[in-house]
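Read the structure below first, then the notes.
Just so you know, all these numbers are worked out from the coordinates, no wet-lab data involved. Computed from a predicted model, the values in this text were never measured in an experiment. Positions of Cβ are backbone-derived with ideal geometry, glycine not excepted, and every protein chain shown enters the neighbour counts.
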Amino acid sequence: MDINLTNANFLTDNNVSDYSPQISGKNIVWVGNDGNDSEIYLYNHDSGSVTQLTDNDTYENSPQIDGNNVVWAANDGNDNEIYLYNGRSTIQLTDNDVNDGNPQVDGDNVAWLSYEGEPNYRYSPDNAIYFYDGTNTTRLTDAETVKNSFDLSGNNLTWSDYDGKDSEIYLYDGSNVSQLTTNATSDNNPQIDGNNIVWSGYDDNGDSEIYFYDGTQTVQLTDNDTYDDSPQISGNNIVWSANDGNDS
């Protein structure tokens, strides 16, 4: 397939590395090297301007954007902390002695992982999930397991976590945490949009199927002998990849 770059806007033209771009609407955030270390840059399409959000001697990473809001992780000299740019100023959301990372943002809401637990055989400390609602920060989980996948939509947050036997799917609705699955097989990779959640879970035959929760009930979308995984969701629409016996 030929790609026509006639209408492409090259936002950077320099002699340093620019990487990890993320887009929301026509606003873009990325990590760029200023000659000393990495910094966060924001392109605002309405003004046509690029703003350097950070200027320090530490390394910034993992930027995410929603509208004019940008979140990222950065080393403060001791460990990684979480920062939020709210379209006007930058707020440091964490200040502790452990690594905080993997931030996500939706509006004024931010979620991240805090690696405050004990080291384990996975070569990563057990972690907890934190949620910031624009005013207050809430610790949603303990730090006795490793949470690898979570997703944020508005005040709603979903993740997979080990229950002592296998991984299950959990939902925070802005007020309470509920466990959406209770079974003897592993459920993973949840994605959320509004009240709708999709994930992949192993069935009794040992292959992966796709499941959908609509805010009230859970429906199994696939039932076959091949692996269905990597689901994504937008509204009531869901996409995933599946092996048809020959390839994906």
Rg from C-alpha atoms of region 1-136, normalised by the globular rule of thumb 2.2 N^0.38 Å, equals 1.14
Looking at region 82-153, which trypsin sites (Lys or Arg not before Pro) are in a loop (DSSP not H, G, I, E or B) and have at most 12 other Cβ atoms within 10 Å? Arg88, Arg122
May I ask you to list the chymotrypsin sites (Phe, Trp or Tyr not before Pro) in region 64-139 that are in a DSSP loop and have at most 12 other Cβ atoms within 10 Å of their Cβ? Tyr121, Tyr123
Total charge dipole magnitude, region 54-177, about the Cα centre, Cβ charges on Lys, Arg, Asp, Glu only, Debye to nearest 20: 240
Whole-Hz ³J(HN,Hα) from phi, Karplus 6.51 cos²θ - 1.76 cosθ + 1.60, for region 59-66, glycine and proline x: 9, 9, 7, 6, x, 9, 9, 9
Relative to the compact globular guide of 2.2 N^0.38 Å, what is the alpha carbon radius of gyration of the chain, as a ratio? 1.10
Would you mind giving the average projected area, over all directions, of the Cα convex hull of region 145-248 in nm² with one decimal? 6.6
Other residues with Cβ under 14 Å from the Cβ of Ile28 give, with Lys and Arg +1 and Asp and Glu -1, a net charge of -2
With viscosity set to 0.890 mPa s at 25 °C, what whole-number translational diffusion coefficient in µm²/s follows for region 159-212 from Stokes-Einstein and a Kirkwood radius over Cα pairs? 215
Using alpha carbon centroids, what distance separates region 40-58 and region 92-136, in Å? 24
Below 8 Å between Cα atoms, with a sequence gap of 6+, how large is the relative contact order for region 116-248 in percent? 13
